[in-house]
Amino acid sequence: MSNVLQISPRLWQLKMGMVNSFLLTTDDGLLLIDAGWPGQAEKIFSAVRESGHTPRDIRHLLLTHGHIDHAGSAAEVQRRTGAQTYAHAIELELITIPAIVYRLLIKPGGTKYEPVTIDHVLQNGELLAIASDIEIIHSPGHCAGQVVLLLRNDGVLIAGDLCSNIMGLSYSVLNEDISLARETLLRVAKYPFDRAVFGHGKPLNNRANQRLKERFSDPKLR
């Protein structure tokens, strides 16, 4: 079974078990978005090759947030590729000095989470220099420093853990603030995108922004 799904001419979903990473071609090589659990670097590189690219062309690594299932292999990927790294300021402490509470909470028994140096601190509304149509949207709720990426030219939202689409659209597990998560979801749903991809689950094709709005408008949904 393939671990790679092409979303658009320049975007691939890399399936790392229960979590997804994403690979995007830019004006300056490849951008890897999220880096899975610890110990998954080789699996990521294998999926990159399957997509028709080579790991040495990964020049940038962006973390949507600092949870261990999204940033666990970031340090190894950075070390082996020399990629420039990106994250929101609020996530820096967790990413650079991983908190034991997250290791214990998210994976019982704890898992080693090697810290990673962050080269670029992301701001809400920022357009990436390496691909000027990609907008950073600060999206707190699941965690305080989460960001999602709007690919304007593709009409695609890379949603991180804004929500999940495993067995249908649902709130992500372990939200820090579910009320804020809902508020953020409805705010992000106002942006123009037709498709959305998630850290967990399947892509959402056709009317993705409207379907997010319809699903999460009910304040009783949990």
Aspartates and glutamates with Cα under 14 Å of Lys202, excluding same-chain neighbours fewer than 8 positions away: Asp161
Within the chain, helix-based [θ] at 222 nm, where runs of 4 or more DSSP H residues each add -39,500 (n - 2.57), nearest 500: -6500 deg cm²/dmol
For Val188, net neighbour charge (Lys/Arg +1, Asp/Glu -1) across residues whose Cβ lies under 13 Å away: +3
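Please give the length that would be gained between Ser217 and Ala89 if that part of the chain were fully extended, namely 0.36 nm times their separation in residues minus their C-alpha to C-alpha distance (nm, one decimal).
Details: separation 128, 0.36 × 128 = 46.08 nm, distance 2.91 nm.
43.2 nm is the gain from fully extending Ser217 to Ala89.
Add +1 for every Lys or Arg and -1 for every Asp or Glu among the other residues with Cβ under 13 Å from the Cβ of Leu14, and state the total.
Working: positive: Lys15, Lys43, Arg49; negative: Asp34, Glu42, Glu50.
Charge balance near Leu14 sits at 0.
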Order of Ser172, Ser132, Ser2 - criterion: other Cβ atoms within 10 Å of each residue's Cβ, fewest first: Ser2, Ser132, Ser172
Residues listed by number, region 125-142, amide nitrogen under 15 Å from Asn153 label point at 7 Å toward C-beta: 127-135
Nitroxide proxy distance, nm - points 7 Å out along Cα→Cβ at Met1 and Arg49: 2.1 nm
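Count the net charge of all other residues whose Cβ sits under 10 Å from the Cβ of Ile137, scoring Lys and Arg as +1 and Asp and Glu as -1. Present the calculation step by step, with values, prior to reporting the outcome.
Numbers: positive: Arg187; negative: Glu126, Glu135.
Counting the neighbours of Ile137, the net charge comes to -1.
Would you mind ranking Leu157, Leu11, Leu92 by Cβ crowding within 10 Å, fewest neighbours first?
Fewest to most other Cβ atoms nearby, the residues stand as Leu92, Leu11, Leu157.
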Hits among aspartates and glutamates - C-alpha to C-alpha of Lys190 under 15 Å, sequence gap 8 or more where chains match: Glu135, Glu214
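With a 10 Å Cβ neighbour count serving as the proxy for reagent exposure, in which order, fewest first, do Thr96, Thr64 appear? Spell out each step's value before the answer.
Working: Thr96 14, Thr64 31.
The order, fewest Cβ neighbours first, is Thr96, Thr64.
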Sites Arg79 and Met18 - FRET efficiency at Förster radius 25 Å, r taken between beta-carbons, to 0.05: 0.50
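Rounded, prolate or oblate: which fits the chain when a ≥ b ≥ c are the square roots of the eigenvalues of the alpha-carbon gyration tensor, with rounded for a/c under 1.5 and prolate only if a/b beats b/c? Don't jump to the answer; show the numbers that get you there.
On the way: a/c = 1.44, a/b = 1.15, b/c = 1.25.
Rounded, because the longest to shortest axis ratio a/c is under 1.5.
Bear in mind that the values in this text are calculations on the coordinates, not laboratory data. Everything numeric in this text was worked out from a predicted model, so none of it was measured. Neighbour counts run over all protein chains shown; Cβ positions are idealised from the backbone, glycine included.
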